[in-house]
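Pasting a structure below so you can have a look.
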Amino acid sequence: KQEVTQIPAALSVPEGENLVLNCSFTDSAIYNLQWFRQDPGKGLTSLLLIQSSQREQTSGRLNASLDKSSGRSTLYIAASQPGDSATYLCAVSPSGGGADGLTFGKGTHLIIQP
Amino acid sequence: GAVVSQHPSRVICKSGTSVKIECRSLDFQATTMFWYRQFPKQSLMLMATSNEGSKATYEQGVEKDKFLINHASLTLSTLTVTSAHPEDSSFYICSARDLIPGTQYFGPGTRLLVL
């Protein structure tokens, strides 16, 4: 059974810092990996999706990498801002063409101090 | 981008009543929709996979007779929590899979509180 672990569980940093969130998964047979953002009491916002054949994706100040063989992904946030404060979730889609539900990690609760 | 809506966004009900939650894909057809549940400070857990025109597939530990899923059209799936109890209080989120394999779009979620 796939398990997704996110480290750290919580992170508080001053505004402007660059930071890295980590995600690991136990079964490397994945179709893709996604990073989401969740604000308190809200739904999910998809940030980046990396297909299993890709190694990284970039969107603005966000960069996500994927090392499928080692079962790891990182989300890099550059020049953090208070508006980045949220819970960041990593989720993997099992191999099979993306027809199955996602397995989520517990998330990293991020606070950016003004 | 693709949009998925959920209704209602919040619902409070008495113990023993049934609650229906709707999940709609607004601008694309979704043969497959997924239902997730999130307890406070926990991650999302997949409850079931809803396939248009066929029976839903439930994850281990999820009671199919308690969480009734109907996917009658390519744009609508419903989750009915039957005889709800306080332990069913949770945040329920649906997602819809579009024709591009592996791309799931999530709804805004429904917060259920059972008194």
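Condition first: part of a loop (DSSP other than H, G, I, E, B) and under 17 Å from B:GLU52 (Cβ atoms). Can you find one or more residues in the stretch B:78-95 that meet it? Write out each step before concluding.
Here is the first cut: in the stretch B:78-95, the residues part of a loop (DSSP other than H, G, I, E, B) are B:82-85, B:89.
Still in the running and under 17 Å from B:GLU52 (Cβ atoms): none.
The answer is no, given that none of the residues of the stretch B:78-95 is part of a loop (DSSP other than H, G, I, E, B) and under 17 Å from B:GLU52 (Cβ atoms).
Would you tally the residues in the stretch B:66-102 being under 17 Å from A:THR103 (Cα atoms) and free of Cβ contacts under 8 Å to residues at least 40 places away in the same chain? Break it down into steps so the answer makes sense when it comes.
Initial filter on the stretch B:66-102 (under 17 Å from A:THR103 (Cα atoms)): B:91-97, B:101-102.
If we keep only those that are free of Cβ contacts under 8 Å to residues at least 40 places away in the same chain as well, we get B:101-102.
Residues that pass the stated criteria total 2.
Go through the stretch A:57-98 and give me each residue that's in a loop (DSSP other than H, G, I, E, B), within 11 Å of chain B (Cβ to nearest Cβ) and open to solvent by 40 Å² or more (accessible area, probe 1.4 Å). Even if it seems obvious, please write down each step before you answer.
From the stretch A:57-98, those in a loop (DSSP other than H, G, I, E, B) are A:60-61, A:68-71, A:78-81, A:85, A:95-98; that's our starting set.
Imposing the further condition that a residue be within 11 Å of chain B (Cβ to nearest Cβ) reduces the set to A:95-98.
Listed by number, the residues that qualify are A:SER95, A:GLY96.
Test each condition in (1) within 30 Å of B:SER9 (Cβ to Cβ); (2) without any contact (Cβ under 8 Å) to a residue 24 or more places away in the chain; (3) of a type in the set (Lys, Arg) for A:ARG55 and report the one that comes out false.
The one condition A:ARG55 does not meet is (1).
Pick out the one residue from B:GLN6, B:GLN38, B:GLN60 that is surrounded by fewer than 16 Cβ atoms within 10 Å (Cβ to Cβ) and among the polar types (S, T, N, Q).
Numbers: B:GLN6 fails: surrounded by fewer than 16 Cβ atoms within 10 Å (Cβ to Cβ); B:GLN38 fails: surrounded by fewer than 16 Cβ atoms within 10 Å (Cβ to Cβ).
None of the other options fit; the residue is B:GLN60.
Out of the stretch B:1-47, which residues are in a strand (DSSP E or B), closer than 16 Å to B:THR75 by Cβ and within 12 Å of chain A (Cβ to nearest Cβ)?
Those that are in a strand (DSSP E or B), closer than 16 Å to B:THR75 by Cβ and within 12 Å of chain A (Cβ to nearest Cβ): B:VAL4, B:SER5, B:GLN6, B:CYS23, B:THR32, B:MET33, B:PHE34, B:TRP35.
Does the stretch B:22-35 hold any residues that are closer than 14 Å to B:PHE106 by Cβ and open to solvent by less than 70 Å² (accessible area, probe 1.4 Å), and which are they?
Going residue by residue through the stretch B:22-35, those that are closer than 14 Å to B:PHE106 by Cβ are B:23-26, B:28, B:30, B:32-35.
Passing the criteria: B:CYS23, B:SER25, B:PHE28, B:ALA30, B:THR32, B:MET33, B:PHE34, B:TRP35.
Scan the stretch A:42-55 for residues that are over 16 Å from A:SER93 (Cα atoms) and open to solvent by 50 Å² or more (accessible area, probe 1.4 Å) and report the count.
Counting residues in the stretch A:42-55 that are over 16 Å from A:SER93 (Cα atoms) and open to solvent by 50 Å² or more (accessible area, probe 1.4 Å) gives 2.
Another question, then. Taking the options B:LYS55, B:LYS64, name whichever one is part of a loop (DSSP other than H, G, I, E, B) and out of contact with any strand residue (DSSP E or B) (no Cβ under 8 Å at 6 or more places or on another chain).
Values: B:LYS64 fails: out of contact with any strand residue (DSSP E or B) (no Cβ under 8 Å at 6 or more places or on another chain).
Result of the check over B:LYS55, B:LYS64: B:LYS55.
The values are calculated or read from the model by the stated rules, or taken from the named source; none is laboratory data. As the structure is a computational prediction, the values presented were derived from the model and not from experiment. Counting neighbours? That spans all protein chains shown, and the Cβs are built from the backbone with ideal geometry, glycine included. Areas reflect the complete protein model, heavy atoms only, side chains present, ligands, DNA and RNA absent. Shrake-Rupley method; radii C 1.70, N 1.55, O 1.52, S 1.80 Å.
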